[in-house]
Amino acid sequence: MTTRLCRTFQTAPAAVPRDDSAKYLRSGITAEGFSAPDWLVPDLEDGTAPEMKSEALENIQELLPERAPDFPGEIWPRVEWSYDSEAIRERGIDQIETLAETVGDHINGVVVPKVGRLEDVQAAESAVAAAARAADADIEFAVIIESARARSDLREIALSGRESLLTALVFGPVDYTAELGGREIGQRPTWSGLHEALSNEASANDLLAIGGPFDRLFRERAGVTFYNGDGYADHVEREAQVGLDGSWSLHPNQTAQANRIHLPTADELRTAVKKIEAFVEAKDTGTGAVAIDGQMVDEATLKNFENTVETVRTVHDAHEEQTKERYEGVLLDRTLALE
Amino acid sequence: MTTRLCRTFQTAPAAVPRDDSAKYLRSGITAEGFSAPDWLVPDLEDGTAPEMKSEALENIQELLPERAPDFPGEIWPRVEWSYDSEAIRERGIDQIETLAETVGDHINGVVVPKVGRLEDVQAAESAVAAAARAADADIEFAVIIESARARSDLREIALSGRESLLTALVFGPVDYTAELGGREIGQRPTWSGLHEALSNEASANDLLAIGGPFDRLFRERAGVTFYNGDGYADHVEREAQVGLDGSWSLHPNQTAQANRIHLPTADELRTAVKKIEAFVEAKDTGTGAVAIDGQMVDEATLKNFENTVETVRTVHDAHEEQTKERYEGVLLDRTLALE
Amino acid sequence: MTTRLCRTFQTAPAAVPRDDSAKYLRSGITAEGFSAPDWLVPDLEDGTAPEMKSEALENIQELLPERAPDFPGEIWPRVEWSYDSEAIRERGIDQIETLAETVGDHINGVVVPKVGRLEDVQAAESAVAAAARAADADIEFAVIIESARARSDLREIALSGRESLLTALVFGPVDYTAELGGREIGQRPTWSGLHEALSNEASANDLLAIGGPFDRLFRERAGVTFYNGDGYADHVEREAQVGLDGSWSLHPNQTAQANRIHLPTADELRTAVKKIEAFVEAKDTGTGAVAIDGQMVDEATLKNFENTVETVRTVHDAHEEQTKERYEGVLLDRTLALE
């Protein structure tokens, strides 16, 4: 449980073959309300075609100085990287250096995909640390766990984050499924063991844990194609359930959903506030554990309710319009009044 | 698979704000039949309020010498501990020393909650070993796995139990869910990956594995509140399925259910006995694997049936009234006749 | 994802108490079409009764020189082994030496069951390497992960395979469930965490991962007993979904099903070919990620489709009759035409 906000990790290709090649980047950085991602990830990797990489970098360099100061979240460009290609890693190091040098003050970190075992993550860390030092900028990094090797070393990679610039562990299910040779039979593999481990290792080392993209953006039925809102919401709910701090978004609609799902519902908040109040009162009478509405509540249970309250407060501080939209005034007041 | 009985791990607050502050402790230690827990856990930690800790310790010191000799199971007080608070660990060490000194002959071990990484478990082990030595008492210990750090080090913690006083690994889902920031969306996270790992690491090192508490003691429907017997039974069945040796109980009803669920059903026992008998007969004709009632049975399958028989025998030795209530006489005789 | 074929791992007792004691071995090695296993595993361990072990070895020595040259798959005898019995390990070493010496040219490797921790796997590796060297034969080995200790050391065991003769990790759920004390309540434990880990560690180290046997060969309903085709197909589909390369078969019907399930369906192949073609076209216009039939496709997604195509090609090269039976000619041609 961390209170640094990253409910949404929205990737946007930094250049697309359109008249305005920065179209998606621009729409991400100017989004508002629940559609504004907590983290915007300008993509220099798979989302951008090989021959548009330099234009992508230029778009970032042009747009960030202008727009980043007003963007309410964090900005984390994704660079190229691959544990099994030195050439790609070299391109990645160049991109990290260029970003640090030219827009180092406007980004919070870089996202490094396709890392392998611990040593590969350490190589990425060295590159980020060197670039940040050279540019005298404050830059962290996140890795995408999407190779069998990174999953195998997950515990050691996360542990390295205690003393390094590593800030977040992100899941990359598409590459991961390809590496393992997984198949969609009936449904896709859900990798629930990996989700549990990601959430655990992030929590054990004070890192953020972020889920993977859901690529089935649209569905077709009886000849009509529509936004797959149920598929994505189910996906995000599974991630929130096991304690991932945020979800990957590929589309403003996904961002709007994930920002809401990672914010407690009014019912959750009402229950939390009520049980905290009741437990505090019971403790005053000398009780250690007490049944409230059929649930046995003790100090451990209390922490779960405090998490709910803490998340609401953190979002309230950063996005008052969101909490005011979701909760009635009385409930919000009781929440903010808790010590 | 171990045959030391711990089907039920019943915590009882060692002091509550009532006329008889030892009410729950007393009812636990005097319970009979299926309501008697295999392990009774007098609770000095979260179940007992801060200002009642000394009264709780006194209740234990008063009740155990009188009642423990007739109690059919084991007694394991839970002390205070926390990987992230030295002050709490110091209180815990005091409690361990006092228990060893004053009731060391009446307890089998102590339960140490909220342990962190391996080093923290080793610190707890040193405290228990020193107290046992000083009191010349035979005292083991169990840890509650409820922090991300302990889950991360589970394999190493369990391995340390091969050569130490560590006897059991207990799951603590409430604290654990709070640490990871898990949420109840639709249903609670079930942590099935952790269950598998707990069962495996306990088995690999001859430790006991015990599930976590189910706090939804009561349900309400259409204005009537009632004991949530289905919720708890489902919970215990999931734990038994993956080989946990026992389940946590917060209430005599839960104990009565978990003692039964962790004892093979009459159908399970009947099938096991029948297939063991048929396989032994088939082996006499020179067959290594044989289809019995549609199932291909070999030496490996046999072990599963032998587990069933072994569990029944162990319970029979300790609680004849339970096996006699559950199985008809002929089946029980065939079971006990197997070599 | 590996393209060495092992869709089916069919064990056959090497001797049974029948007039033709090599009956099952013979039927396995002469099977054709979808009923021919990719790997045939003549069983000297649990499938063969103790007093028939020498006859089993003789059957292998007699049948392999005659039939192995025409067998389309690989041949991997299973020897005896056990981490907790030196006597059994000695018998296993004898069997490995005899096999290497007498039929070393006709087998691809040996299957070593019931291994324990890493050191035990290393002991098996030494035995195989020594026997192969002495016989000047090319012999690899596979281990069956069916003890809690082997599961605990899975990551290290798999890692050792990078530089050793270790080629495949096979799951043994029956022994494993017995070790952990798992129970069939409602359904059997599915060990999905273990499946994920097996698939991951195999992929991280270029090993094959193979699922465990499904022993409920037959079902009875309303007085009629029949082949349990649904039970097995569900079992194999779960394994294929998380990327296991193959499944264990105990019966020619199971082999016929698993060979088909581990081959992409016509629908899967059609989708893969269509999306590869569409993505290649989109890339030519400078797009990095593009929505095709509602799915956001990029380089990572592409790899999954390429896996599908690659599997079909590998099976086509080895068993043209199987791909021709399954896919219409036009689709197969488009598949083979992709570069």
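The values are calculated or read from the model by the stated rules, or taken from the named source; none is laboratory data. Note that this is a predicted model, so its numbers are computed, not measured. Using ideal geometry, Cβ is built from the backbone for each residue, glycine included, and neighbour counts are taken over all protein chains shown.
Among the residues of the range A:155-189, what is the count of those that are of a type in the set (A, V, I, L, M), farther than 22 Å from A:D84 by Cβ and more than 7 Å from every other protein chain (Cβ to nearest Cβ)?
Just the residues of the range A:155-189 that are of a type in the set (A, V, I, L, M), to begin with: A:157-159, A:165-166, A:168-170, A:174, A:178, A:180, A:185.
After this cut, where a residue has to be farther than 22 Å from A:D84 by Cβ as well, the list is A:159, A:165, A:168, A:185.
Okay, now just the ones that are also more than 7 Å from every other protein chain (Cβ to nearest Cβ), so A:159, A:165, A:168.
Looking only at that region, the number is 3.
Out of curiosity, is C:A132 aliphatic (A, V, I, L, M) and surrounded by fewer than 24 Cβ atoms within 10 Å (Cβ to Cβ)? Lay out the reasoning, then the answer.
Details: aliphatic (A, V, I, L, M): yes; surrounded by fewer than 24 Cβ atoms within 10 Å (Cβ to Cβ): yes.
Here the answer is yes, as C:A132 does meet what is asked.
Can you spot a residue in the range B:113-123 that is buried (at least 21 other Cβ atoms within 10 Å of the Cβ), over 24 Å from B:S35 (Cβ atoms), touching a residue at least 12 places away in the same chain (Cβ under 8 Å) and acidic (D, E)?
Yes - at least one qualifying residue is present in the range B:113-123.
Conditions (1) surrounded by fewer than 24 Cβ atoms within 10 Å (Cβ to Cβ); (2) within 14 Å of chain C (Cβ to nearest Cβ); (3) without any contact (Cβ under 8 Å) to a residue 12 or more places away in the chain, marked per residue:
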{"residue": "B:D43", "(1), (2), (3)": "no, no, no"}
{"residue": "B:L63", "(1), (2), (3)": "yes, no, no"}
{"residue": "B:E86", "(1), (2), (3)": "yes, no, yes"}
{"residue": "B:E90", "(1), (2), (3)": "yes, no, yes"}
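If the requirement is being in contact with a Pro (Cβ under 9 Å, 6 or more places away or on another chain), not in a loop (DSSP other than H, G, I, E, B) and not assigned by TED's automatic domain parsing to the domain that holds B:Q322, which of these qualifies: B:A12, B:A68?
Details: B:A68 fails: in contact with a Pro (Cβ under 9 Å, 6 or more places away or on another chain).
After ruling out the rest, the residue left standing is B:A12.
Could you please let me know if A:R188 is at pLDDT below 95, more than 17 Å from B:G182 (Cα to Cα) and of a type outside the set (S, T, N, Q)? Explain how you work it out, then say what you get.
Values: at pLDDT below 95: yes; more than 17 Å from B:G182 (Cα to Cα): yes; of a type outside the set (S, T, N, Q): yes.
Here the answer is yes, as A:R188 does meet what is asked.
Mind checking which residues of the range A:9-23 are out of contact with any His (no Cβ under 9 Å at 6 or more places or on another chain) and buried (at least 24 other Cβ atoms within 10 Å of the Cβ)?
Step one: list which residues in the range A:9-23 are out of contact with any His (no Cβ under 9 Å at 6 or more places or on another chain), which gives A:9, A:11-23.
If the condition is that a residue be out of contact with any His (no Cβ under 9 Å at 6 or more places or on another chain) and buried (at least 24 other Cβ atoms within 10 Å of the Cβ), then A:F9, A:T11, A:A12, A:P13, A:A14, A:A15, A:V16 are the ones that fit.
With respect to the numbered conditions (1) assigned to a loop (DSSP other than H, G, I, E, B); (2) of a type in the set (G, A, S); (3) surrounded by fewer than 16 Cβ atoms within 10 Å (Cβ to Cβ), which one is the sole condition not fulfilled by B:S54?
(1)
Has the range C:68-84 got at least one residue that is away from every other protein chain (no Cβ under 11 Å), surrounded by fewer than 21 Cβ atoms within 10 Å (Cβ to Cβ) and under 15 Å from C:A14 (Cα atoms)?
Yes, that holds for at least one residue.
Of the residues C:F226, C:F214, only one is under 25 Å from C:K23 (Cα atoms) and either surrounded by fewer than 22 Cβ atoms within 10 Å (Cβ to Cβ) or in contact with a Lys or Arg (Cβ under 6 Å, 6 or more places away or on another chain) (or both); which? Let's see the steps before the verdict.
On the way: C:F214 fails: either surrounded by fewer than 22 Cβ atoms within 10 Å (Cβ to Cβ) or in contact with a Lys or Arg (Cβ under 6 Å, 6 or more places away or on another chain) (or both).
The unique qualifying residue is C:F226.
Give the number of residues within the range A:139-150 that are touching a helix residue (DSSP H, G or I) at 6+ places or on another chain (Cβ under 7 Å) and more than 14 Å from chain C (Cβ to nearest Cβ). Please lay out each step first, then the result.
Initial filter on the range A:139-150 (touching a helix residue (DSSP H, G or I) at 6+ places or on another chain (Cβ under 7 Å)): A:139, A:141, A:143, A:145-150.
Now narrow it down to the ones that are more than 14 Å from chain C (Cβ to nearest Cβ): A:139, A:141, A:143.
Here the count works out to 3.
Quick check on this structure: which one of B:A202, B:A240, B:A197 is out of contact with any Cys (no Cβ under 9 Å at 6 or more places or on another chain), of a type in the set (G, A, S), under 17 Å from B:Q10 (Cα atoms) and buried (at least 17 other Cβ atoms within 10 Å of the Cβ)? Break it down stepwise before answering.
Values: B:A202 fails: under 17 Å from B:Q10 (Cα atoms); B:A197 fails: under 17 Å from B:Q10 (Cα atoms).
Being out of contact with any Cys (no Cβ under 9 Å at 6 or more places or on another chain), of a type in the set (G, A, S), under 17 Å from B:Q10 (Cα atoms) and buried (at least 17 other Cβ atoms within 10 Å of the Cβ) holds for just one of B:A202, B:A240, B:A197, which is B:A240.
Quick check on B:T11: is it within 14 Å of chain C (Cβ to nearest Cβ) and among the β-branched types (V, I, T)?
On the way: within 14 Å of chain C (Cβ to nearest Cβ): no; among the β-branched types (V, I, T): yes.
Answer is no for this residue.
Give me the residue from the range A:267-325 that is in contact with a strand residue (DSSP E or B) (Cβ under 8 Å, 6 or more places away or on another chain) and hydrophobic (A, V, I, L, M, F, W, C) and, out of that set, surrounded by the fewest Cβ atoms within 10 Å (Cβ to Cβ).
Filtering the range A:267-325 for residues that are in contact with a strand residue (DSSP E or B) (Cβ under 8 Å, 6 or more places away or on another chain) and hydrophobic (A, V, I, L, M, F, W, C), the one surrounded by the fewest Cβ atoms within 10 Å (Cβ to Cβ) comes out as A:A278.
Out of B:V330, B:V236, I need the residue that is assigned to a helix (DSSP H, G or I) and farther than 16 Å from B:F34 by Cβ. Which one? Steps first, answer last, please.
Details: B:V236 fails: farther than 16 Å from B:F34 by Cβ.
Answer to the selection: B:V330.
When the range C:36-50 is examined, which residues are found to be part of a loop (DSSP other than H, G, I, E, B), farther than 17 Å from C:S21 by Cα and either modelled with pLDDT under 95 or of a type outside the set (G, A, S) (or both)?
Start the filter on the range C:36-50 by keeping residues that are part of a loop (DSSP other than H, G, I, E, B), which leaves C:36-38, C:44-47, C:49.
Next cut, farther than 17 Å from C:S21 by Cα only: C:36-38.
Once the filter is applied, which keeps residues that are part of a loop (DSSP other than H, G, I, E, B), farther than 17 Å from C:S21 by Cα and either modelled with pLDDT under 95 or of a type outside the set (G, A, S) (or both), the range C:36-50 yields C:P37, C:D38.
Do you know which of the residues in the range C:190-224 that are assigned to a loop (DSSP other than H, G, I, E, B) and in contact with a Phe, Trp or Tyr (Cβ under 9 Å, 6 or more places away or on another chain) is farthest from the other protein chains (Cβ to nearest Cβ)?
Among those residues, the one meeting the criterion is C:G211.
When C:Q257 is evaluated against the numbered criteria (1) surrounded by fewer than 18 Cβ atoms within 10 Å (Cβ to Cβ); (2) touching a Gly at 6+ places or on another chain (Cβ under 8 Å), which criterion, by number, is the only one it fails?
Checking C:Q257 against (1) surrounded by fewer than 18 Cβ atoms within 10 Å (Cβ to Cβ); (2) touching a Gly at 6+ places or on another chain (Cβ under 8 Å), the one that fails is (1).
Kindly list, by first and then second residue, each pair from a residue in the range A:237-252 that is within 15 Å of A:L208 (Cβ to Cβ) and modelled with pLDDT of 95 or more to a residue that is assigned to a helix (DSSP H, G or I) and of a type in the set (K, R), limited to pairs with Cβ atoms under 9 Å and residues at least 6 apart or on different chains.
What qualifies is A:L244/A:R238.
So which residues in the range A:44-63 are within 20 Å of A:A127 (Cβ to Cβ) and hydrophobic (A, V, I, L, M, F, W, C)?
Matches in the range A:44-63: A:L44, A:A56, A:L57, A:I60.
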